[in-house]
Amino acid sequence: MPTQTWTAPPGLEGVVVTETALSDVDGATGRLTYRGRPIEEVVQTFRFETLVPWLVTGTMRDLGGPAWRELPDRPWPARPMAALAAVLLHLDDAWPDDVESACRLVLGLPVMFGRAVSGGRRCDDPDAPVAARYLALVTGRTPTPTHVRALDAYWVMAAEHSLNASTFAVRVAASTGARLPLALAAGVGVLSGPRHGGAPEGVLTLLEEIGRQPDDPEAVLRAKLDAGERLMGFGHRVYRAVDPRARALRAVFEQLAGEDPWARLAARTEEAALRLLAERHPERPLATNVEFYAAAVLKALGIPRALCPPTFALGRMAGWTAHWWEERRRGRLIRPLARYRPV
Ligand code: ACO
């Protein structure tokens, strides 16, 4: 027991609890770097297959391809985040604990998970990029190269974001010595909440609602704010400027959706939401976060709404795995305190 204690603020806001070489989020200026390289450069340079080993190990490595296992045809849980956690629990038994096997797991998971949720559908081109195989499994169609590139760019941008809530959970698990699949399952649980990775579903619901009265997006948004609801896809604990991933994903979305009415609806909704949020919270800049255009991109790719959170998680597995490895080498159990206060 430490001799001196101090009480952290609710939500641990502003508290630094560890060091990392993986990414840096500069919330004031809206800049994000992976291992010192700006996200805009990373997304031009890497495909998900090359990003994973670089992010996790800091070196460019040829892993010899992803690794996957045949999974039983058992009925997997119907809720996709629960299914993703179940796949990880199933794999835990015998997954080797070295760093290259860890990277190969991250690259194999989209295919294993895609097959589990599509009832054992097969994508028979083993040389196709992992984004192509995942899209084929979950949409049932052969994706176009533009679609493959869009999902790949999304995964590269979703891969890592410093000590967000789910990454913190994975680091806590890693500090106990937990093996990778179960540490990743902890991350899946934390990411499932609507204030974190569950937001895209909320964004799609919002856009659909506005789509029913497209002439006046502001009225729908105003009613939500008056009812005390938060607008999904806006606001962030760290960013006070535009999230650079939101900007980059908007460009990806515009390429995919073109002049589609859906694209115009998203743009008008964003404009109206930013105007209203600035009006209601002049003290606190509330900008578009990554989830707003992530939801729009995933819809344009034909990914079913319920698969948005696990699709995000499959990209974030890269960062979780990198943090698991970093924390493993640190080797100090994370164990804060709680003040006992009887009610
Ligand atoms: N819509 C309306 N009001 C908002 C929003 C929003 N999206 N975000 C914050 N606010 C308001 C809060 O109600 C609060 O107002 P109050 O002081 O009058 O109560 C004020 O702004 C400050 O909000 P905080 O709660 O301090 O912001 P916090 O840093 O805790 O929240 C969060 C960050 C959870 C992301 C929040 O902005 C939110 O709920 N956004 C919507 C959900 C969302 O898009 N989540 C995805 C985040 S990105 C990611 O996790 C990958």
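Residues in region 223-247 that are closer than 25 Å to V42 by Cβ and touching a helix residue (DSSP H, G or I) at 6+ places or on another chain (Cβ under 6 Å): how many?
Filtering region 223-247 for residues closer than 25 Å to V42 by Cβ gives 233-247.
Among the residues that remain, those that are also touching a helix residue (DSSP H, G or I) at 6+ places or on another chain (Cβ under 6 Å) are: 233-234, 243-246.
Summing the residues that are closer than 25 Å to V42 by Cβ and touching a helix residue (DSSP H, G or I) at 6+ places or on another chain (Cβ under 6 Å) in region 223-247 gives 6.
Within the set of pairs 6 or more residues apart or between chains, which connect a residue that is part of a loop (DSSP other than H, G, I, E, B) and hydroxyl-bearing (S, T, Y) inside region 224-246 to a residue that is more than 6 Å from the ligand (Cβ to nearest atom) and open to solvent by less than 70 Å² (accessible area, probe 1.4 Å) with Cβ atoms less than 7 Å apart?
What qualifies is Y239/G27; Y239/G30; Y239/A287.
Would you mind telling me which numbered condition in (1) open to solvent by less than 10 Å² (accessible area, probe 1.4 Å); (2) outside any helix (DSSP H, G or I) D125 fails?
(1)
Can you tell me which residue within region 42-69, out of those that are among the hydrophobic types (A, V, I, L, M, F, W, C) and over 20 Å from the mean Cα position of the chain (by Cα), is nearest to V156 (Cα to Cα)?
Taking region 42-69 and keeping what is among the hydrophobic types (A, V, I, L, M, F, W, C), we get 42-43, 46, 48, 51-52, 54-56, 60, 63, 67-68.
Checking which are over 20 Å from the mean Cα position of the chain (by Cα) leaves us with 60, 63, 67-68.
Numbers: M60: 15, L63: 18, A67: 19, W68: 20 Å.
For region 42-69, the residue satisfying everything is M60.
Would you mind telling me which numbered condition in (1) surrounded by fewer than 19 Cβ atoms within 10 Å (Cβ to Cβ); (2) within 23 Å of the chain's Cα centre (by Cα); (3) part of a loop (DSSP other than H, G, I, E, B) E283 fails?
(2)
Consider region 187-222. How many of its residues are modelled with pLDDT under 95 and over 18 Å from F292 (Cα atoms)?
Counting residues in region 187-222 that are modelled with pLDDT under 95 and over 18 Å from F292 (Cα atoms) gives 5.
Among the residues of region 182-197 satisfying the criterion of being open to solvent by 30 Å² or more (accessible area, probe 1.4 Å) and in contact (Cβ under 8 Å) with a residue 40 or more places away in the chain, which is farthest from the chain's Cα centre (by Cα)?
Just the residues of region 182-197 that are open to solvent by 30 Å² or more (accessible area, probe 1.4 Å), to begin with: 182, 186, 189-190, 192, 194-196.
Then drop every residue that is not in contact (Cβ under 8 Å) with a residue 40 or more places away in the chain, which leaves 182, 189, 192.
Working: L182: 18, G189: 12, S192: 10 Å.
Restricting to residues being open to solvent by 30 Å² or more (accessible area, probe 1.4 Å) and in contact (Cβ under 8 Å) with a residue 40 or more places away in the chain, the top hit is L182.
Conditions (1) crowded, with 17+ Cβ neighbours inside 10 Å; (2) closer than 15 Å to A273 by Cβ, marked per residue:
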| site | (1), (2) |
| --- | --- |
| A199 | yes, yes |
| G202 | yes, yes |
| L207 | yes, yes |
| I210 | yes, yes |
| E218 | no, yes |
| L231 | yes, yes |
| R240 | no, no |
| P244 | yes, no |
| L249 | yes, no |
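Kindly list the number of the only condition in (1) among the basic types (K, R); (2) in the same structural domain as A158 (by TED's automatic domain parsing); (3) surrounded by fewer than 16 Cβ atoms within 10 Å (Cβ to Cβ) that fails for R316.
Every condition holds for R316 apart from (3).
Only one of these conditions is not met by S162: (1) in a loop (DSSP other than H, G, I, E, B); (2) open to solvent by less than 10 Å² (accessible area, probe 1.4 Å); (3) at pLDDT 95 or above. Which number is it?
Result: S162 fails condition (2) only.
What pairs come up if the first residue lies in region 277-297 and is closer than 26 Å to W262 by Cα, the second is more than 10 Å from the ligand (Cβ to nearest atom) and open to solvent by 70 Å² or more (accessible area, probe 1.4 Å), and their beta carbons are under 7 Å apart, counting only those six or more places apart or on different chains?
Listed pairs, sorted by first residue: Y293/R250.
Could you say whether any residue in region 263-275 is within 11 Å of the ligand (Cβ to nearest atom), in a helix (DSSP H, G or I) and surrounded by fewer than 17 Cβ atoms within 10 Å (Cβ to Cβ)?
Within region 263-275, none of the residues are within 11 Å of the ligand (Cβ to nearest atom), in a helix (DSSP H, G or I) and surrounded by fewer than 17 Cβ atoms within 10 Å (Cβ to Cβ).
Among the numbered conditions (1) of a type in the set (S, T, Y); (2) in the same structural domain as A278 (by TED's automatic domain parsing); (3) more than 30 Å from Q255 (Cβ to Cβ), tell me where T205 comes up short.
Unmet for T205, out of (1) of a type in the set (S, T, Y); (2) in the same structural domain as A278 (by TED's automatic domain parsing); (3) more than 30 Å from Q255 (Cβ to Cβ): (3).
Looking at region 32-46, can you tell me whether even one residue there is β-branched (V, I, T), free of Cβ contacts under 8 Å to residues at least 40 places away in the same chain and not assigned by TED's automatic domain parsing to the domain that holds A287? So that I can check it myself, show each step before the final result.
The initial filter retains those residues of region 32-46 that are β-branched (V, I, T), namely 33, 39, 42-43, 45.
Going one step further and asking which of them are free of Cβ contacts under 8 Å to residues at least 40 places away in the same chain, we end up with 33, 45.
Still in the running and not assigned by TED's automatic domain parsing to the domain that holds A287: 33, 45.
There is at least one residue in region 32-46 that is β-branched (V, I, T), free of Cβ contacts under 8 Å to residues at least 40 places away in the same chain and not assigned by TED's automatic domain parsing to the domain that holds A287.
Does G228 fit the bill of being away from the ligand (no atom under 12 Å from the Cβ) and at positive phi? Quick ask: steps written out before the conclusion?
Working: away from the ligand (no atom under 12 Å from the Cβ): no; at positive phi: yes.
No, not satisfied.
If I filter region 245-253 for residues that are within 27 Å of A223 (Cα to Cα) and within 13 Å of the ligand (Cβ to nearest atom), do I get at least one hit?
yes
Counting just the residues of region 43-68 that are part of a loop (DSSP other than H, G, I, E, B) and within 23 Å of A251 (Cα to Cα), which one comes out least open to solvent (accessible area, probe 1.4 Å)?
Within region 43-68, the first condition is being part of a loop (DSSP other than H, G, I, E, B), and the residues that meet it are 46-47, 58-68.
Cutting the leftovers down to within 23 Å of A251 (Cα to Cα) gives us 46-47.
Values: F46: 2, R47: 100 Å².
In this case the residue turns out to be F46.
Restricting the first residue to region 62-79 and requiring it to be basic (K, R), which pairs with a second residue that is open to solvent by less than 90 Å² (accessible area, probe 1.4 Å) meet a Cβ separation below 8 Å and a spacing of at least six or different chains?
R69/L91; R69/G108; R69/M112; R79/A306
The values are calculated or read from the model by the stated rules, or taken from the named source; none is laboratory data. Remember, predicted model here, so these are calculated numbers, not experimental data. For neighbour counting, all protein chains shown are included, and Cβ atoms are generated from backbone atoms with ideal geometry for every residue, glycine included. Heavy atoms of the whole protein, side chains included, go into the accessibility calculation; ligands, DNA and RNA do not. Shrake-Rupley method; radii C 1.70, N 1.55, O 1.52, S 1.80 Å.
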